[in-house]
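All remarks here apply to the structure that follows.
The values are calculated or read from the model by the stated rules, or taken from the named source; none is laboratory data. Owing to the predicted nature of the structure, the values given are computational and were not obtained by experimental measurement. A quick note on method: Cβ atoms are made from the backbone with ideal geometry, for glycine too, and the neighbour counts reach across all protein chains shown. Keep in mind that these areas ignore ligands, DNA and RNA; they rest on the heavy atoms of the full protein, side chains included. Shrake-Rupley method; radii C 1.70, N 1.55, O 1.52, S 1.80 Å.
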Amino acid sequence: MKTIFIGNTRETPLGDIWVAVSEHGLLAVEFPSTLEAFSSSLGKRHAAEVVFSPQQTAEATHQLREYVAGRLRQFTLPIDWSALKEFQRNVLQLTFEIPCGEVRTYKELALQLGNPRAARAVGRAQATNPMPIVIPCHRVVGSEGKLHGYGAGNGIPTKEWLLRMEKAMIP
């Protein structure tokens, strides 16, 4: 049975942020949540033993703390892409490349994938992103520039906060 290590960073402007890492890299970011809910969800989803380990998750929690404090623009964490299906992995890898302070539309990502009609499927892949913030689905907006759903934190207000915070980081 594989082991997943979890930890959290407390008292950020977004509340407690939980992370999970595998031997291959970051596997999940979740907020708000509790130790029990996060552990249970991960254990079921990945058929793995879940172990609370601040040591194993130290780099992920450090980078998240630095990011939400406005001191980190680019995450350098290894990502464990193995739990994602091919389409979602392709969408989220493109999303991961969107620079801090910039946005892309669902349609632009669909075009990058070579499937201009896949904007809704791109939106679905974003909606089920297991690593929000690190894979910056908050940087993906509707064609008219409006903010559409955000599944982490408090939804759209969290997405707005993240985009404002990033704009403030750009000189």
Counted residues in segment 101-149 being open to solvent by less than 20 Å² (accessible area, probe 1.4 Å), part of a loop (DSSP other than H, G, I, E, B) and either within 24 Å of Val19 (Cα to Cα) or among the β-branched types (Val, Ile, Thr) (or both) come to 8
How many residues are of a type outside the set (Val, Ile, Thr) and part of a helix (DSSP H, G or I) when one looks only at segment 66-100? 11
Within segment 107-128, does at least one residue satisfy the condition of being touching a Gly at 6+ places or on another chain (Cβ under 9 Å) and in contact (Cβ under 8 Å) with a residue 60 or more places away in the chain? no
Checked segment 45-65 for anything under 24 Å from Thr128 (Cα atoms), touching a Gly at 6+ places or on another chain (Cβ under 8 Å) and in a helix (DSSP H, G or I); matches are Ala60, Thr61
Among (1) touching a Lys or Arg at 6+ places or on another chain (Cβ under 8 Å); (2) assigned to a helix (DSSP H, G or I), the one test that Asp16 misses: (2)
Kindly check whether there is at least one residue in segment 49-59 that is closer than 25 Å to Pro99 by Cα, out of contact with any Asp or Glu (no Cβ under 8 Å at 6 or more places or on another chain) and free of Cβ contacts under 8 Å to residues at least 24 places away in the same chain. yes
When you look at Ala125, is it within 16 Å of the chain's Cα centre (by Cα) and either hydrophobic (A, V, I, L, M, F, W, C) or farther than 30 Å from Thr34 by Cβ (or both), yes or no? yes
Of everything in segment 17-55, what is under 18 Å from His138 (Cα atoms), of a type outside the set (A, V, I, L, M, F, W, C) and open to solvent by less than 70 Å² (accessible area, probe 1.4 Å)? Give them in sequence order. Glu30
Can you give me the number of residues within segment 1-48 that are among the aliphatic types (A, V, I, L, M), in contact with a helix residue (DSSP H, G or I) (Cβ under 8 Å, 6 or more places away or on another chain) and touching a residue at least 40 places away in the same chain (Cβ under 8 Å)? 11
Going through (1) over 15 Å from the mean Cα position of the chain (by Cα); (2) under 16 Å from Met131 (Cα atoms); (3) among the small types (Gly, Ala, Ser) one by one, Ala28 fails only at (1)
Name the single residue, out of those in segment 56-91 being on the phi < 0 side of the Ramachandran plot and among the small types (Gly, Ala, Ser), that is least open to solvent (accessible area, probe 1.4 Å). Ala60
